[in-house]
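This report concerns only the one structure given below.
The values are calculated or read from the model by the stated rules, or taken from the named source; none is laboratory data. What you see is a predicted model; the values in this text were computed from it and never measured. Virtual Cβ from ideal backbone geometry, glycine too; neighbours counted across all protein chains shown. Just the protein is used for accessible areas: all its heavy atoms, side chains included, with ligands, DNA and RNA removed. Shrake-Rupley method; radii C 1.70, N 1.55, O 1.52, S 1.80 Å.
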Amino acid sequence: MKTFSKSPSEKEFAEISCGLCGSSRYRRIWKSGGIPFVKCRSCGLVYQNPQPVQEQLLGRYDEEYFDYEKENEANFLNLMKLGLRDVGFFGREAQIRASAEALGRTASFLDIGCATGALIEYLGSSGWNAEGVEVCAPSARFGIEEKGLNIHIGTLEAAGFPDSSFDVVHCSHLIEHLTDPDAFIAETARILRPGGIVIIVTPDISGFQALLFRGGWRSAINDHMHLFSKKTLSKLLRKHGFVIQKSVSWGGLAAGTAPKLLKSAADRIVKPLGAGDVVCIMGMI
Ligand SMILES: [Zn+2]
């Protein structure tokens, strides 16, 4: 079964060049439900081409998207906490907070694509100065009005944070939705303080499930403009000055694609191989 995705209603599509290396040479790999995915001949990045222009794309994140986020709030928070644990964030938390406090400030955490703000609510309650960015206005308003959270409505670029604003920037299942991941990582590098860390979670096209299902892979959907592998995501981070600290991956077979015993065996096998369906990468600037 594919991941939740909105039906395309955009009228304006653009032929784009590679969001990682800038090359316009590619080969078509999948036409997935009518959605054309191509692979850069130079660096291997997979992306939709042509793809909707950003102004139209933002219209997808509406009330229906909010309902999906709200319904899955607890489940997604749990998954994000597991990702943060596996990549070693909680093991470094005390050290990051102590360094900030030594400089007379509270350690700061930005969750981009924070939806209703479940993660920043959780971290805020344990002493972080936690903020969010969210393009889905109904989701953001729910977090602001119902939970009193500090959420900026719109894109990261529109939030206009000053240089070196954060100790940690986190984005889970966000970067694959963007039309310009290169500009996004450049902006992330700018708003992190020197020594700050970025944690990115995204579907992994080099994982076992993508290799098995190809164009039928659950993440080959119209909401995903870019499909990264550990290699292409690491390259993008290094391009903007990040040093890769750690990467972990999970998910052998998605629920519903195999009997439970087979699924749990696949889930166990892929983890040490780094061949899971979703990758979490931590980089330091
Ligand atoms: Zn490329």
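Computed quantities for the displayed model
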| read-out | value |
| --- | --- |
| Sum of side-chain charges, Glu176 neighbourhood, beta-carbon under 13 Å (Lys, Arg +1; Asp, Glu -1) | -3 |
| Choice from Phe89, Phe213, Phe228 with maximal GNM fluctuation in the chain (Cα, 10 Å cutoff) | Phe213 |
| The chain: most fluctuating residue of Gly124, Gly215, Gly148 per GNM, C-alpha cutoff 10 Å | Gly148 |
| Accessible surface, 1.4 Å probe, highest first, among residues His177, His152 | His152, His177 |
| Heavy-atom accessible area order for Met284, Met225, largest first, 1.4 Å probe | Met284, Met225 |
| Cross-link reach list, lysines versus Lys263, counting only Cα pairs under 16 Å and skipping chain neighbours closer than eight places | Lys271 |
| 13 Å beta-carbon shell around Pro8, net charge (K/R +1, D/E -1) | 0 |
| Heavy atoms of Asp67: accessible area, 1.4 Å probe, square angstrom to 10 | 80 Å² |
| Per residue, in Å², the accessible surface of the chain once ligands and nucleic acids are set aside, probe 1.4 Å | 44 Å² |
| Heavy-atom accessible area ranking, 1.4 Å probe, most first, across Tyr47, Tyr61 | Tyr61, Tyr47 |
| Probe 1.4 Å - accessible area at Arg141, Å² to nearest ten | 100 Å² |
| Most mobile listed residue (Val135, Val243, Val168) in the chain, GNM with C-alpha springs under 10 Å | Val243 |
| Summed residue charge, Cβ within 13 Å of Ser247's Cβ, Lys/Arg positive, Asp/Glu negative | +4 |
| Estimated [θ] at 222 nm from DSSP helical runs (n ≥ 4, -39500 (n - 2.57)) normalised by residues in the chain, nearest 500 | -10500 deg cm²/dmol |
| Whichever lysines have a C-alpha closer than 24 Å to that of Lys70, once near sequence neighbours (fewer than 8 apart) are set aside | Lys2, Lys6, Lys81, Lys147 |
| The chain: radius of gyration over Cα atoms, expressed as a fraction of 2.2 N^0.38 Å | 0.97 |
| Accessible carbon and sulfur surface of the range 62-284 relative to its total accessible area, %, 1.4 Å | 56 percent |
| Those Cys residues of the chain for which no other cysteine Cβ falls under 4.7 Å | Cys114, Cys136, Cys171, Cys280 |
| Sequence-distant residues sharing a close amide H with Leu178 (under 5 Å, placed H) | Met225, His226 |
| Low-density loop positions, GluC sites (Glu not before Pro), the range 1-97 - DSSP coil, at most 16 other Cβ in 10 Å | Glu10, Glu12, Glu15 |
| DSSP-defined antiparallel bridges as percent of all bridges, the chain, nearest 5 | 60 percent |
